[in-house]
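**Q** Structure in structure tokens, see below.
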Amino acid sequence: MPKRLQQTLNADKALLAIYFTAGYPQLSSTEKIVQLFDKQAVDIIEIGIPFSDPLADGIVIQQSSTKALQNGMNTKLLFEQLKGARKQTDKPIVLMGYFNTVLQFGLDSFLENSKRCAIDALILPDLPPEVYEKNYKKSFEKYDIPLIFLVSPQSTDARIRYIDKLSKSFIYAVSSATTTGNTTAFTESHEAFFTRLKALQLKQPLMIGFGISNMKQVTQVQQFAKGAIIGSAFIRQLDERKDDLGVNDFFLKL
């Protein structure tokens, strides 16, 4: 695991990660938002790679992805922007996308460019852990780019432990079996899942995402995990403002 991400995960505090889509709302937004995040209480910056069919994402992120593609965002341009973004912050940057995008670009080329841009980890929801372990693990390890796996309430304890053993970074715990942005409030079933995860005493830290939109929910999940991940709620803020200055307002509203 890259030292920057390891130090962040080892820090004696609860963490906050925030997701945004590269190239949204404007093509030039990527570096600007990273720069603004650097000045805010964001511990991990998660950048989404726009994709035409993002199955794990709700309508808010889907629409931001569509708009980013219409703006002209592509993987080659993203890496050019990430070089500039890395100059804006020393906070960990995690890329979230879909494996088809990586394969189209070329796995080694994608990982090499990620390394060159000092990307700390990747999230690829459609790459099963078993397939990763059998076919791609050595390539990721070659470039020291850990793959972050997702677990959900439907994941068995055995599978969660398998993912924990395979992981070299944090584990992304999906709060519910739904797409992003669809949870309005945590229920007893959510808390039962969080409690189950905590009781497993996993070696890798947990970050909980999907449906987290305010400080109350952030504080709730931080009782069970290392930190919280916000995505759709931030994208909505950009939608409302139609500019990048909505970043500052978002943190005031949290």
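**Q** Checking the condition within 24 Å of M1 (Cβ to Cβ) and touching a residue at least 40 places away in the same chain (Cβ under 8 Å), which residue from T75, T101 passes?
**A** Exactly one residue qualifies, and that residue is T101.
**Q** Now for a separate question. Count, please, the residues in the range 112-144 that happen to be in contact (Cβ under 8 Å) with a residue 60 or more places away in the chain and in contact with a helix residue (DSSP H, G or I) (Cβ under 9 Å, 6 or more places away or on another chain).
**A** Of the residues in the range 112-144, 6 are in contact (Cβ under 8 Å) with a residue 60 or more places away in the chain and in contact with a helix residue (DSSP H, G or I) (Cβ under 9 Å, 6 or more places away or on another chain).
**Q** Further question on the same structure: I'd like to check which helices (runs of 4 or more DSSP H) are fully inside the range 1-73 and have at least 1 residues that are among the hydroxyl-bearing types (S, T, Y) and touching a helix residue (DSSP H, G or I) at 6+ places or on another chain (Cβ under 6 Å).
**A** It comes to 29-38, 59-71.
**Q** Just for the range 155-177: of the residues that are under 21 Å from the mean Cα position of the chain (by Cα) and among the hydrophobic types (A, V, I, L, M, F, W, C), which one is surrounded by the fewest Cβ atoms within 10 Å (Cβ to Cβ)?
**A** The qualifying residue surrounded by the fewest Cβ atoms within 10 Å (Cβ to Cβ) is A177.
**Q** Name the single residue, out of those in the range 81-106 being of a type outside the set (G, A, S) and exposed (fewer than 15 other Cβ atoms within 10 Å of the Cβ), that is farthest from I123 (Cα to Cα).
**A** The extreme case among them is K87.
**Q** Return only the number of the condition from (1) closer than 15 Å to G231 by Cβ; (2) more than 17 Å from the chain's Cα centre (by Cα) that Q70 does not satisfy.
**A** (1)
**Q** Looking only at residues that are at pLDDT 90 or above and among the basic types (K, R) in the range 202-243, which one is farthest from the chain's Cα centre (by Cα)?
**A** Per the criteria, the residue is K203.
**Q** Of the conditions (1) in a loop (DSSP other than H, G, I, E, B); (2) out of contact with any Asp or Glu (no Cβ under 8 Å at 6 or more places or on another chain), E80 clears all except one; give me its number.
**A** (1)
**Q** Taking the criterion of being modelled with pLDDT of 95 or more, within 27 Å of D38 (Cβ to Cβ), assigned to a loop (DSSP other than H, G, I, E, B) and touching a Leu at 6+ places or on another chain (Cβ under 9 Å), would at least one residue in the range 124-137 satisfy it?
**A** Yes: one or more hits.
Quick grid of which residues meet (1) out of contact with any Pro (no Cβ under 7 Å at 6 or more places or on another chain); (2) basic (K, R); (3) at pLDDT 95 or above:
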position: V151; (1), (2), (3): yes, no, yes
position: T156; (1), (2), (3): yes, no, yes
position: I160; (1), (2), (3): yes, no, yes
position: L166; (1), (2), (3): no, no, yes
position: V174; (1), (2), (3): yes, no, no
position: T180; (1), (2), (3): yes, no, no
position: A185; (1), (2), (3): yes, no, no
position: A192; (1), (2), (3): yes, no, no
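The values are calculated or read from the model by the stated rules, or taken from the named source; none is laboratory data. Just so it is clear, the model here is predicted, and its values are computed rather than measured. Methodologically, a virtual Cβ is constructed for each residue, glycine included, from the backbone with ideal geometry; neighbour enumeration extends over all protein chains shown.
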